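As structure tokens, the structure follows; a few thoughts come after it.
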Amino acid sequence: MILKFDFSASDPLYMQLRNQIVVGIAEGKLAPGERLPTIRALADECGINMMTVSKAYQLLKQEGYIETDRRSGACIARKQGGSVPDATMKTLRICISELRLGGMQEEEIVRLCRSMYREGENK
């Protein structure tokens, strides 16, 4: 999986990393049980601070997307699922509100969501 960072974006780098890993899992690019690079290796490879990678990994672990072990490092969690974080639901509500304010009708929003969902299945 190739990671891309936008250093001029308003999203912090740790969230960009977290989001790319979540998308990678959802699209099947990262399989359950697959080992992730060490914090140091990923930071060096991406040219970002180790604390940035550590913060992303901590968040992913807290959300249940990865598992960590002192000896074997971080890997994609074998069991996905569970509850959706409140922050994700709030972000979705804002996105839907912005689409409505932009003039999209409910059917168009649902069609867009369905298209994006299916796009993730095909990658």
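Every number in this text was worked out from the coordinates using simple rules, so none of it is lab data. Keep in mind that what you see is a predicted model, and the values were worked out from it rather than measured. Ideal geometry is used to build each Cβ from the backbone, glycine not excepted, and the neighbour counts take in all protein chains shown.
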Open item on the list: Check which residues have an amide H placed less than 5 Å from Ile66's amide H, if you skip close sequence neighbours.
Closed with: Lys61, Ala77
- [ ] Using amide H atoms built 1.01 Å from N in the peptide plane, name the residues 5+ places from Gly73, or on other chains, whose amide H lies under 5 Å from its own.
- [x] none
Task: Volume per residue that the Cα convex hull of the chain spans, once the total is divided by residue count, Å³ - done: 121 Å³
- [ ] Would you mind working out the magnitude of the charge dipole of the stretch 13-76 relative to its Cα centre, with +1 at each Lys and Arg C-beta and -1 at each Asp and Glu C-beta, to the nearest 20 Debye?
- [x] 180 debye
TODO: Name the most mobile residue of Asp11, Asp44, Asp86, meaning the one with the largest mean-square fluctuation, in a Gaussian network model of the chain with Cα contacts below 10 Å.
DONE: Asp86
Task: the stretch 1-88: trypsin sites (Lys or Arg not before Pro) in DSSP loop, at most 16 other beta carbons within 10 Å - done: Lys4, Lys29, Arg70, Arg71, Arg78, Lys79
Task: Extension gain from Asp11 to Gln58, taking 0.36 nm per residue of separation minus the Cα-Cα distance - done: 15.2 nm
TODO: For the stretch 53-112, build the convex hull from the C-alpha positions and give me its volume per residue in Å³.
DONE: 119 Å³
- [ ] Would you be so kind as to identify which of Gln105, Cys75, Ala26 lies farthest towards the positive end of the dipole of the chain, taking Lys and Arg as +1 and Asp and Glu as -1 on Cβ and the Cα centre as origin?
- [x] Cys75
Task: Simple spin-label estimate for Thr38 and Ser72 in nanometres, 7 Å along Cα-Cβ - done: 1.7 nm
TODO: Sort out for me the Cα centre separation of the stretch 46-65 from the stretch 71-123, rounded to whole Å.
DONE: 20 Å
Task: GNM result for the chain, Cα springs below 10 Å: residue of Cys75, Cys95, Cys46 fluctuating most strongly - done: Cys95
TODO: Please report the relative contact order for the stretch 38-123, taking Cα pairs under 8 Å with a sequence separation of at least 6, and give it as a percent rounded to a whole number.
DONE: 13 percent
Open item on the list: Let me spell out the model: positive unit charges on the Cβ of Lys and Arg, negative unit charges on the Cβ of Asp and Glu, origin at the Cα centre of the chain. What dipole size does that give, in debye rounded to 20?
Closed with: 400 debye
TODO: Would you please give the FRET efficiency between Lys29 and Met104, computed as 1/(1 + (r/R0)^6) with r the Cβ-Cβ distance and R0 = 25 Å, to the nearest 0.05?
DONE: 0.25
Task: Calculated FRET efficiency for the pair Ala87/Arg114, C-beta based, R₀ 22 Å, to 0.05 - done: 0.40
Task: Distant-in-sequence amide H partners of Glu34 (H built 1.01 Å from N, under 5 Å) - done: Ile76
Task: 3J(HN,Hα) from dihedral phi, the stretch 3-13, Karplus parametrisation 6.51/-1.76/1.60, rounded to Hz, x for glycine, proline - done: 9, 10, 10, 9, 6, 9, 6, 6, 5, x, 4
